[in-house]
1. Report the one residue of Tyr165, Gly140, Leu90 whose Cα lies farthest in the direction of the positive end of the charge dipole of the chain (charges on C-beta: Lys and Arg +1, Asp and Glu -1; origin at the Cα centre).
2. Taking the stretch 38-127, which chymotrypsin sites (Phe, Trp or Tyr not before Pro) meet the DSSP loop condition and have no more than 12 other C-beta atoms within 10 Å?
3. What does the C-alpha gyration tensor say about the overall shape of the stretch 114-254? Classify as rounded when a/c is under 1.5, otherwise prolate if a/b is larger than b/c, or oblate.
4. In debye, nearest 20: dipole of the chain around its Cα centre with unit charges on the Cβ of K, R (+) and D, E (-)?
5. With 24 Å as the cut-off, how large is the P(r) tail for the chain, expressed as percent of Cα-Cα pairs?
6. Using the Kirkwood radius built from alpha carbon pairs, what does the Stokes-Einstein equation give as D for the stretch 92-168 at 10 °C and 1.306 mPa s, in µm² per second?
7. If one puts a single equal scatterer on every Cα of the stretch 197-254 and applies the Debye formula without solvent, what log₁₀ I(q)/I(0) results at q = 0.17, 0.21, 0.25 Å⁻¹?
8. Go through Lys62/Lys254; Lys82/Lys117; Lys129/Lys186 and tell me which ones have a Cα-Cα distance over 21 Å in this structure.
Amino acid sequence: MGEDALSDAPASTSQWDAADYARIGGFVPALGQAALELLDPQPGEHILDVGCGDGTLTLKIKEMGADVVGIDNSLSMVGAAKAKGLDARLMDAAQLKFGEAFDAAFSNATLHWVLDKERAARAIWFSLKHGGRFAGEMGGQGNLAKLRQALDDELVTRGFGPPTYAANWYPGVEEFTEIYEQAGFKDIDARLIERPTPLEHGVAAWVTTFRAGWLDRAGVPHEERQAIAEAVADRAGTNVADYVRLRFIMRKPK
């Protein structure tokens, strides 16, 4: 699997169906509580949720008394967030249209899908007021290495070539810190956290939900995906996913 994003790779590599995600991927916002506690939203604060998904954590921020705007590049996800009564907008993280509007920004399980990472970091910086903070969590170095390898091995076995560019950016602490320092952030506290995660619905469902975009780019017909997903589950031999998270908080200087 290629680890370098080529110039013709998309800015974001995710593809989501909100109903499918809510059924299979509910553990993602559930496990985002620690990052939300790091953000520590305060009543009356204006907060940006970068990659709000279906709005599960965005709603929690709102319920804590903050004024929150969620952005996501998935129309399906934005629709689901709006159905929760949230201010959700269709927008890519690397193309934010806000200027020093927010007291804080939050992001859970999104930044690893954004390959234009330098531009996204700068866009988030510009969205914050001076002195504003940015907290969240994303996939970190080594994230899902075993599951991703099992999927690629199965694709090769069946005659499908895995895409030549990376689907995700899973940085280590040093690389992540360097990019956000270059964007202008200070006081960056980032750390890798190994978090083996039981998949309630199994590996096969994880493959068809979380790697739909990867299967698209590998040219896998929809009618073959379930069989491939089940074969990947057999290869993995466990329903515990080898997640590694990178949790962070930083500030824009006053």
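1. Selected residue: Leu90.
2. Answer in residue order: no site qualifies.
3. Because a/c hits 1.5 or more and a/b exceeds b/c, the stretch 114-254 counts as prolate.
4. 500
5. In whole percent, the long-distance tail amounts to 45.
6. Taking Rh from Cα pairs, D becomes 109 µm²/s.
7. -0.62, -0.81, -1.03
8. Flagged as over cut-off: Lys62/Lys254; Lys82/Lys117.
Only the coordinates and a few stated rules stand behind these numbers; no lab work does. Since the structure is predicted, the reported quantities are computational estimates derived from the model, not experimental observations. Here the Cβ is made from the backbone with ideal geometry for all residues, glycine too, and neighbour counts use every protein chain on show.
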